[in-house]
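One structure is given here, and the rest of the page talks about it.
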Amino acid sequence: MNFSEVNVSWFRLVNDLGKEYPFLNPIFSFIAEYMVIFLVLSVILYWFTKDSDNRMMILCATFAFICAFSIGKVIGIFHSNYQPFVELPDVNKLIHKEKDNSFPSDHTILFFSYCTSFWLYKKGWSLVWMLLAILVGVSRIWVGVHYPFDVLAGIVLSLVTSTFIYLLLPKLRVTQSTLKIYTKYENMLLHRIKRTKENKSNNF
């Protein structure tokens, strides 16, 4: 088998499961489309715990995602393929998706960039985060919008960039200074809001 044949064979292996076990289709459709909302809410929650390690973790994850996403777009110029539902017959397509280049998987890059950073910082449930990222990658194949190699490319990009950023970014003086300045002005803003509320309460 050549590269393309392996890609299609692995895709069929996963995507056809939706035909064999249709009761799982709503679950994988939800994961493929809406689990990103849970990730965004979690990132916001981690940031506003005001824990310095959490903020550094989110900063690293965000930079890792930006780097991996940018590299992915460059790679996509040199190698591209449409989604399986465009190129193959009888695909179990479960969600709406416009026809475009599906290599590499942006959803996979997003989840693995953040979840790998969570795992590297050994935050609670770090293993669960990695399993969730894997589940999101599989779900994109299950619903028919990505090939396995789209997902694998996203995983490799995210793992490499997340590890590199984790080792480099926290050591930079500018990173520490930026976080300190942000925290200082955030505290000033919160203090002003608190004072304003107290003044309003006293007036009543």
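No lab work stands behind these numbers, since they all come straight from the coordinates. All values reported here derive from a predicted model rather than from experimental measurement. Reconstructed Cβ throughout: ideal geometry from the backbone, glycine too, with neighbour counts over all protein chains shown.
Dividing the helix sum by the residues of the chain, where each DSSP H run of 4 or more adds -39500 (n - 2.57), gives a mean residue ellipticity at 222 nm of -25500 deg cm²/dmol. Here the spin labels are modelled as points 7 Å beyond Cα on the Cα-Cβ line, and at LYS73 and LEU88 they lie 2.8 nm apart.
Here's the picture: charge each Lys and Arg Cβ at +1 and each Asp and Glu Cβ at -1 in the chain, and of THR183, ILE77, ASN15 the one pushed furthest to the positive end of that dipole is THR183. At full extension, SER126 and ASN25 could sit 33.7 nm farther apart than now, given 0.36 nm per residue minus the alpha carbon distance.
The chain: D in µm²/s via Stokes-Einstein (Kirkwood Rh, Cα pairs, 20 °C, 1.002 mPa s)? Here the translational diffusion coefficient equals 114 µm²/s. Only Lys, Arg, Asp and Glu carry charge here, each on its Cβ (+1 for the first two, -1 for the last two); on that basis the stretch 3-171 has a dipole of about 520 debye about its Cα centre. Overall shape of the stretch 19-113 was characterised from the C-alpha gyration tensor. The equivalent ellipsoid obtained from it has semi-axes of 30, 20, 8 Å, in decreasing order.
A simple charge model with +1 on the Cβ of Lys and Arg, -1 on the Cβ of Asp and Glu and nothing else charged puts the dipole of the stretch 96-204 at about 820 debye relative to its Cα centre. In percent, rounded to a whole number, the relative contact order of the stretch 1-129 is 27, using alpha-carbon pairs under 8 Å and six or more apart.
Going by C-beta contacts inside 10 Å, put THR62, THR196 in order with the fewest on the left. Working shown, then result.
Working: THR62 17, THR196 10.
Final ranking by Cβ density, sparse to dense: THR196, THR62.
Among SER105, ASN25, CYS60, whose Cα sits farthest toward the positive end of the charge dipole of the stretch 11-166 (+1 at Cβ of Lys/Arg, -1 at Cβ of Asp/Glu, about the Cα centre)? The residue sitting most towards the positive pole is CYS60. Comparing PRO89, PHE38, ILE193 along the charge dipole axis of the chain, the residue lying farthest to the positive side is ILE193, per the Cβ-charge model.
Quick one: ASP106, ASP51, ASP150, fewest Cβ neighbours within 10 Å first, how do they rank? Numbers along the way, then the final one.
Numbers: ASP106 18, ASP51 12, ASP150 27.
Fewest to most other Cβ atoms nearby, the residues stand as ASP51, ASP106, ASP150.
Ordering ARG192, ARG55, ARG140 by the number of other Cβ atoms within 10 Å of each residue's own Cβ, fewest first, gives ARG192, ARG55, ARG140. In this rough spin-label picture, where each label sits 7 Å from Cα along the Cβ direction, the HIS191-ARG173 distance is 2.6 nm.
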